[in-house]
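Here's the structure we're looking at; comments come further down.
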Amino acid sequence: MNNNGKQISTLIAIGVIVLAAIFGGLTLSRNLGKSTKTVNRESALNTLEKMVKRIEPITGTPTKGTVEYSDEDTTFQELPELSNESIVVPETGSNYAEIFASSEKTGSGRDGFLREMAAKYNSEGIEVNGSPASVRLRTVASGQQVDYVASGKYIPDGVSPSNDLFIKMMDAKGVNVTEISNSIVENYAGIAMPKKVYNNIKEQYGSVDVQTIAQATADDFITMGYTNPFSSAAGMNFLVTLLDSYDSGSILSDKAAEGFSTFQANIPFVSMTTGQMRKAAERGTFDAFVSEYQTYRSDSALSQKYVFVPYGYPHNNPLVSVNEEQDKQAILKSFADYCRANGDKLAKEDGFGQTPEGYTPMSYDYSGDDLIAAQKLYKENKDQDPIICVFVADVSGSMDGEPLNMLKASLINSMQYINVDNYIGLVSYSDDVTIELEADKFDMSQQSLFKGTVESLSANGNTATFDAVCVAMDMVEKKLAEVGDAKPMVFVLSDGETNTGYELGDISGVVSGLKIPVYTICYNGDIAAMEELSNINEGVNINADTDDVTYQLRQLFNAGL
């Protein structure tokens, strides 16, 4: 990819900036009877109002566009080209097999079991088909493995997701799979919670399992977090287990959907990554969150202070071939045998291979079609309240040409992943801030205006990112006052650092006071500032390569919109 291409991906910085500091000035009489949270929010709103008046946003004229609907699967076009950076262990000769494997076993330290085993295997000179064999190991998330292989974008020789659920989904999507090993290393999924929270649930509900944890969440007794079921094995496993707990053997029933909706109503957000979820838990956002047992056992702080409640299907880390060539399958079989014969000591050191106390296997074996339908059910039922979202698009001079074209294409492509009951608005900015489209329900009319207005954007001038975020937050707040119960969020798309208007320090207090999540995708810009902005209210910051932007938006919208 050339530098010009990288600038394109520079393109999207999804970042939301909820606004500035909480000023005093409230008299004692005005504060009487009001909680600190209420006072802070009122202060933040007052400060925001003053900032927006100073900014003086321009009101644009929306342009209608033609919305085209198609049942065509766009996964192939959205997936990024795989770079060499995803290769964690390279092959050592021409006689090799390539494997996609999930991150909890291809990372570093105690997350590096398969990575270490692959390096050792490659150094042994083990012969397969008469010559030394090796493996090429890539880190690819479990859900993304399905997308690459099923779409035909990139097909390795073998895949090793965290559990069998994703193998079943590949099979349901028409991928021919051949089992090499039903388990390279054993692991489990569960819900981690502080001992005090565990004891409180047990005292209140009599026991602690997925059903009582879900009920405690629905009752607003605790706040729980889980990961995106489209990409995360722990998240997908939890979704299926939760649906099954409401109607055993029938995860697609109305009863299961109703139970899930009740539970989901009190979920603040679905985490894009386990890292985001862990940080939120450390800040006290979650009382309980999903985790791999291997992660729990490897982290002394977790294992000493938290209780692990196992659920669902085992994370057996299977290895299957998606290449029908016998020579490739022979190498995969050789590697799997090597891991099983030589990996026990390392697996235990890394936290694998032990069954958590209280684990009860799932009693029903769902098909791949059921699992895909469960993801759709999640998408359709995850929000009882609508979402109010304003997109903030950078149209400064550095975006002129291909970067802006890519921004437009990414936003237009992502429209298909936004539920029609949500309220969507659009702001653009350079030196000035323009309200391009007021937030309104994303029906056919609003989709037409959104698409046409995005297509009409042009670039010039400086970069007033935080001014634009202030305006977007003001739009969100005004719509919240009109709609009532709704979930707010802001997305910022930018390729450059702020060089005019407010700075992050000017608005961070307001962002904190208003509690609006900030989502940022940033490349070649002020990544540290964007990450800090996202962290204020448990948003996500993604430093994306150009080719990755569209796919990352798809994942974000499936989880959030």
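The values are calculated or read from the model by the stated rules, or taken from the named source; none is laboratory data. The structure displayed is predicted, hence computed values, not measured ones. Using ideal geometry, Cβ is built from the backbone for each residue, glycine included, and neighbour counts are taken over all protein chains shown. Areas reflect the complete protein model, heavy atoms only, side chains present, ligands, DNA and RNA absent. Shrake-Rupley method; radii C 1.70, N 1.55, O 1.52, S 1.80 Å.
Figures for the structure shown
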read-out: In the range 120-152, the residues that are in contact with a Phe, Trp or Tyr (Cβ under 6 Å, 6 or more places away or on another chain) and within 30 Å of Met236 (Cβ to Cβ); value: Tyr121, Val135, Arg136, Arg138, Val140, Ser142, Gly143, Gln145, Val146, Tyr148, Ser151
read-out: Those residues of the range 110-165 which are among the aliphatic types (A, V, I, L, M) and within 14 Å of Ala336 (Cα to Cα), in sequence order; value: Leu114, Met117, Ala118, Ala119, Ile126, Val128, Ala133, Val135, Leu137, Val159
read-out: Among residues of the range 321-344, those that are under 23 Å from Glu124 (Cβ atoms) and among the β-branched types (Val, Ile, Thr), counted; value: 1
read-out: Looking only at the range 417-432, and only at residues there that are among the charged types (D, E, K, R) and either within 17 Å of Val490 (Cβ to Cβ) or touching a residue at least 40 places away in the same chain (Cβ under 8 Å) (or both), the one that is most open to solvent (accessible area, probe 1.4 Å); value: Asp432
read-out: Residue within the range 120-128 that is in contact with a strand residue (DSSP E or B) (Cβ under 8 Å, 6 or more places away or on another chain), open to solvent by less than 50 Å² (accessible area, probe 1.4 Å) and either of a type in the set (Asp, Glu) or without any contact (Cβ under 8 Å) to a residue 60 or more places away in the chain (or both) present; value: yes
read-out: So Val392, is it in contact (Cβ under 8 Å) with a residue 60 or more places away in the chain and either aliphatic (A, V, I, L, M) or closer than 30 Å to Asn317 by Cα (or both); value: yes
read-out: Residue satisfying all of: in the range 248-305; within 28 Å of Ile521 (Cβ to Cβ) and of a type in the set (Lys, Arg); surrounded by the fewest Cβ atoms within 10 Å (Cβ to Cβ) among these; value: Arg283
read-out: Counted residues, the range 360-380 - those being more than 26 Å from Val146 (Cα to Cα) and modelled with pLDDT of 95 or more; value: 0
read-out: Criterion: within 14 Å of Gly225 (Cβ to Cβ), β-branched (Val, Ile, Thr) and touching a residue at least 12 places away in the same chain (Cβ under 8 Å) - qualifying residue of Thr285, Thr241, Thr262; value: Thr285
read-out: Qualifying positions in the range 496-520 - buried (at least 22 other Cβ atoms within 10 Å of the Cβ), assigned to a helix (DSSP H, G or I) and hydrophobic (A, V, I, L, M, F, W, C); value: Ile507, Val510, Val511, Leu514
read-out: Residue in the range 213-232 that is at pLDDT below 95, open to solvent by 40 Å² or more (accessible area, probe 1.4 Å), among the hydrophobic types (A, V, I, L, M, F, W, C) and under 13 Å from the mean Cα position of the chain (by Cα) present; value: yes
read-out: Hits in the range 394-426 - residues which are of a type in the set (Val, Ile, Thr) and either within 22 Å of the chain's Cα centre (by Cα) or more than 13 Å from Ser456 (Cα to Cα) (or both); value: Ile412, Ile418, Val420, Ile424
read-out: Count of residues meeting criterion [open to solvent by 10 Å² or more (accessible area, probe 1.4 Å) and either outside any helix (DSSP H, G or I) or touching a helix residue (DSSP H, G or I) at 6+ places or on another chain (Cβ under 6 Å) (or both)] in the range 185-205; value: 4
read-out: The range 72-100, residues that are out of contact with any Gly (no Cβ under 9 Å at 6 or more places or on another chain), hydrophobic (A, V, I, L, M, F, W, C) and modelled with pLDDT of 90 or more; value: Ile87, Val89
read-out: Failed item, numbered, when Gly501 is tested on (1) at pLDDT 90 or above; (2) at negative phi; value: (2)
read-out: Spans of strands (runs of 3 or more DSSP E) in the range 68-184 with at least 2 residues among the hydroxyl-bearing types (Ser, Thr, Tyr); value: 134-139, 178-181
read-out: Asn237 being modelled with pLDDT of 95 or more, polar (S, T, N, Q) and open to solvent by less than 10 Å² (accessible area, probe 1.4 Å); value: yes
read-out: Scan of the range 464-486 for residues that are in a helix (DSSP H, G or I) and without any contact (Cβ under 8 Å) to a residue 60 or more places away in the chain, ordered by number; value: Lys478, Ala481, Glu482
read-out: Residue check for Arg297: touching a helix residue (DSSP H, G or I) at 6+ places or on another chain (Cβ under 7 Å), more than 25 Å from Leu377 (Cα to Cα), basic (Lys, Arg) and at pLDDT below 95; value: yes
read-out: Selection from the range 307-319 of residues that are part of a strand (DSSP E or B), within 23 Å of Gly112 (Cβ to Cβ) and open to solvent by 10 Å² or more (accessible area, probe 1.4 Å); value: Phe308, Pro314
read-out: Those residues of the range 368-410 which are outside any helix (DSSP H, G or I) and open to solvent by 50 Å² or more (accessible area, probe 1.4 Å), in sequence order; value: Gln384, Asp385, Asp400
